[in-house]
Structures are given as C-alpha cells and as structure tokens.
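Working notes, structure below.
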Amino acid sequence: MALRLRFDPDDLLRCRFAFSPLCETHEAVRMLRRTVRHGYHQPWLRRMRAAVAGLDLSELWLFMPEPGVYVPDFLGPPPDGPPLGFEEELARLRATDPALAREEMARSLACTPGATESPLGRRLLDDPARAVQRLATLTEQVWNALIAPDWPRLSSLLEADIAYRSRKLAGGGLADLFSDLHATVGWSEGSLLLRSSVGPARDLGGRGLLLMPSVFVWPDVVSGFAPPWQPTVIYPARGMAGLWSTVETDRALVRLLGANRAAILSGLHEPASTTTLAHRHGLAPSSVSAHLSILREAGLLHSRRQGFSVLYERTPLGETLAGRD
C-alpha cells in the first residue's frame, strides 16, 4: 500500500526545492549503518574508512538503528528559507528547544525495543539540553571528517539535480517532474504516491511540499517531517553513478590547473554565473572572474549572456578534461 500525499491548490503554489549540508551529514551517518546496498558509495567508504574508525557515533546511531525508523526532526530540519551554510544550520541545531528535542528523541527511541531504558537513552532523555549540544558536536565532527572535503563535489551534484527538476516542472508540471524522480514515486489524480512508504493518506493542508535531492539517501526515498516542519520528500540525486569515480580525475586536475580552477571546472555541471560560482566555492567574485577568464582562454569554457547575467559552461574539451565525456 503506497503512502498518498494529497495536494490542494495552495499546496501546488508551495512546492519548492532545497538541499541542506546538515541533512546530508545525517544521511551519511544513516548510510554508514547499512550492511548492504552501499553500491555507488563503496569508493567513498574505502577512502573514509580511517576517518569513520576515528569517530564514536553511538549517540547518533541510537536514533538511526535501521531504515524506516523515525529520526528526530530537529537533527536535520528542512530548510525554511534561503540556502544556509553548514555553520548556520549547525547553530540552528544547537538552538533547539530542549522540550522539543526530548519529545522527538523519546518518539525515536520508542521505535526500538529497549532503547528508551538503555543507559545511553536514559542519559540523553534526562538532560535534553546537554543532549542537543552533544549531538550537534558529533554532527560537526562528522561534517569535518567525512563531508566537508567533498562538499564542493556534492553540492554541485545537488544543484545540478535541482536545475534539472526545475526545468521539468516548468515544462510539464508536477506530472512531468515526478515521472523520473524515483522508481517508487508517482503522480496520480492530484496526489503524490510513495510506494516505498506505508500509512494513511495525508493532506498537505496548504503547507506545500519541499523536495530535497540527496547523495547519501540513495537508494531510498525518505518522507516525513511532522509540524512545525514542512512536509518533505528526500530523494536520490541524479548523477550518482559517476560521483565517486571521478576522484582521481579531479586530483589530476588539481595538479594541472590548481585547486580553485579545478573545482570550478569540475563543478560546472550546469551553466552558472560568476556570482553563483563565488557562492558555491566560497571565493571572492573577482577571484572567480579571473579563474573563468583563464579557463575560457584555454578553450575549456565558453560564455553566453542570459538576461542580466553571463553564464559559463564547459566546452567539449572542458568536458573531456573534467572526465565527463
């Protein structure tokens, strides 16, 4: 039996896309617990084996024992506005109301027999304010050790997915948008069907739906977020098959072009402006502009004007050099 999310006219006006470095960090923690189906992530897991061994994730894993178990929403709340960086999202996590944290932790622990009464479970529930800070600190450690080194690559993939989905939505509406979102997702009679989930039909109630591409949620689709959070569906981003296979290519590019120019060239999956690239890579617009000029003069990029912006994209030579040919 599929979970059915029913849209009314107001919901159709409140569908949006986002991605979150904080949510992606917790999806990576969940993925580490899987004993099978690592699939595309095997190269990443081999590269991160030593880093993972150096982390004690028992407190986070207590809330992520297996797929389908409720994970406290405050650990990775869906973005409710413009994109935030990891530090801003982490500050939001640290500011969680302890009463809300305790309620959500208790709900999560109740899904696993014995977890609430375990010494670790009791310690977290007895002092939810300390638990919030401890879980935030662990999340920061995971980010720094496992996610931050690859975040330019991951965020580029997520941005490219959103650009693709936005074009689908603009060209064919929701039916076209959901046609290839995931094998378990479909659109029928004004409702989104999630065949990998079970439960009674739900009305979105005018809150709309947030769609979040993810690297580490693969191969699953995750739905949820009870009030006060916006209903959200997290789905695998496009391009997973080649994500980690380009690591050695990118290292060679760094030696050839330098770290910043290699990152800009590798991350141009979709046309982008100087401002977008500066935000993506954490560089000054003037520095990005200089790098773009050099890459264009080398025949690796070309530019075109769109409205008030100049968009840059890879030439065939740039595609080949970036290992995407």
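To keep it simple, each residue is scored yes or no on (1) closer than 26 Å to E66 by Cβ; (2) assigned by TED's automatic domain parsing to the domain that holds P72.
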site	(1), (2)
L84	no, yes
R107	yes, yes
A115	yes, yes
L174	no, no
V185	yes, no
Problem set entry | Sole residue being surrounded by 18 or more Cβ atoms within 10 Å (Cβ to Cβ), touching a helix residue (DSSP H, G or I) at 6+ places or on another chain (Cβ under 9 Å) and of a type outside the set (S, T, Y), chosen from L210, L194, L154 | L154
Exercise. Within the bounds of segment 60-68, is there any residue that is under 28 Å from L210 (Cβ atoms) and in contact with a Phe, Trp or Tyr (Cβ under 9 Å, 6 or more places away or on another chain)?
Worked result: yes
Problem set entry | Selected residue [of a type in the set (K, R) and closer than 15 Å to H26 by Cβ] from R130, R102, R134, R107 | R134
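Residues to consider are G267, G258, G318, G299; find the one that is surrounded by fewer than 16 Cβ atoms within 10 Å (Cβ to Cβ) and at pLDDT below 90. Give the derivation first.
Values: G267 fails: surrounded by fewer than 16 Cβ atoms within 10 Å (Cβ to Cβ); G318 fails: surrounded by fewer than 16 Cβ atoms within 10 Å (Cβ to Cβ); G299 fails: at pLDDT below 90.
So the residue among G267, G258, G318, G299 that is surrounded by fewer than 16 Cβ atoms within 10 Å (Cβ to Cβ) and at pLDDT below 90 is G258.
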Seminar exercise, completed: A careful count of residues in segment 62-97 that are surrounded by 15 or more Cβ atoms within 10 Å (Cβ to Cβ), part of a helix (DSSP H, G or I) and not charged (D, E, K, R) gives 5
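Got a sec? Which of R123, R102 is basic (K, R) and free of Cβ contacts under 8 Å to residues at least 24 places away in the same chain? Show your work before the answer.
On the way: R102 fails: free of Cβ contacts under 8 Å to residues at least 24 places away in the same chain.
Result of the check over R123, R102: R123.
Of the residues that sit in segment 40-85 and are hydrophobic (A, V, I, L, M, F, W, C) and without any contact (Cβ under 8 Å) to a residue 40 or more places away in the chain, which one is nearest to F19 (Cα to Cα)? Walk me through how you get there before you give the answer.
Quick first cut of segment 40-85, residues hydrophobic (A, V, I, L, M, F, W, C) only: 44-45, 48, 50-53, 55, 57, 60-64, 69, 71, 74-75, 84.
Next cut, without any contact (Cβ under 8 Å) to a residue 40 or more places away in the chain only: 45, 50, 53, 61, 64.
Working: L45: 22, A50: 27, A53: 27, W61: 22, M64: 20 Å.
The extreme case among them is M64.
The values are calculated or read from the model by the stated rules, or taken from the named source; none is laboratory data. Since this is a predicted model, take the numbers as computed values, not measurements. Quick reminder, even Gly has a Cβ in these numbers, built from the backbone with ideal geometry, and neighbours come from all protein chains shown.
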